[in-house]
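Following: one structure in structure tokens, then a few remarks.
The values are calculated or read from the model by the stated rules, or taken from the named source; none is laboratory data. Not measured: the values here are computed from a predicted model. Quick reminder, even Gly has a Cβ in these numbers, built from the backbone with ideal geometry, and neighbours come from all protein chains shown. For accessibility, only protein heavy atoms count, side chains too; no ligands or nucleic acids. Shrake-Rupley method; radii C 1.70, N 1.55, O 1.52, S 1.80 Å.
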Amino acid sequence: MHLRPVQVDALTAAEERVRAFIYDRHATTTTTILDIRLDRCRAYAESRGWDVAGIWLDLGDHALSDCRPQFNALVVAMDRTPGPVVCLVDDWDRIARDGSLSSVMRHRVGQAGGHCETVEGESDTPAERTRGRLCTPR
């Protein structure tokens, strides 16, 4: 009886592919600027070879308050997704203009195993995550 090897490389590659969770907030009824920001996010993800996991939008009053149901849903989805994940935004203000709130929200993304990044390539990835793993020789 011959057993065929399982395609571990293909499975590992799929799990290691970055999944972008696009987030934005928008308070007005006119969506032209929102559409432009979302297009930039999709184009950036595509240019990096990332899979877009979805788009989460907090609209209207939620966009202006500390209560962000769609951001909360994004963090839950991110936490349940295997492999590398990133919360992708057009710019840092899309998370929050208030520095304290932005810090808390970005910390939540970190707790879910991800980091935040803008379409300009700015990232809040901690330095210890960007370094290679150190191994001792056998």
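Quick notes
- Only one of the listed residues (Asp66, Asp35, Asp39) is among the acidic types (Asp, Glu), farther than 22 Å from Thr125 by Cα and not in a helix (DSSP H, G or I). That residue is Asp66.
- Asp9 loosely packed, with under 10 Cβ neighbours inside 10 Å and at pLDDT 95 or above: no
So that you can scan it fast, the table gives a plain yes or no per residue for (1) over 12 Å from Arg19 (Cα atoms); (2) part of a loop (DSSP other than H, G, I, E, B); (3) of a type outside the set (Asp, Glu):
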| position | (1), (2), (3) |
| --- | --- |
| Ala43 | yes, no, yes |
| Ala53 | no, no, yes |
| Leu57 | yes, no, yes |
| Ala77 | no, no, yes |
| Gly83 | no, yes, yes |
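- Within the stretch 122-136, restricting attention to residues that are at pLDDT 55 or above and not in a helix (DSSP H, G or I), the residue that is most open to solvent (accessible area, probe 1.4 Å) is Glu122.
- Selection count, the stretch 79-99, where residues are farther than 19 Å from Asp39 by Cβ and either modelled with pLDDT under 95 or not hydroxyl-bearing (Ser, Thr, Tyr) (or both): 10
Every residue, every condition in (1) under 13 Å from the mean Cα position of the chain (by Cα); (2) open to solvent by less than 40 Å² (accessible area, probe 1.4 Å), yes or no:
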site	(1), (2)
Ile22	yes, yes
Trp56	yes, yes
Val85	yes, yes
Asp91	yes, no
Glu120	no, no
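- Test: residue in the stretch 52-70 that is β-branched (Val, Ile, Thr) and in contact (Cβ under 8 Å) with a residue 12 or more places away in the chain: yes
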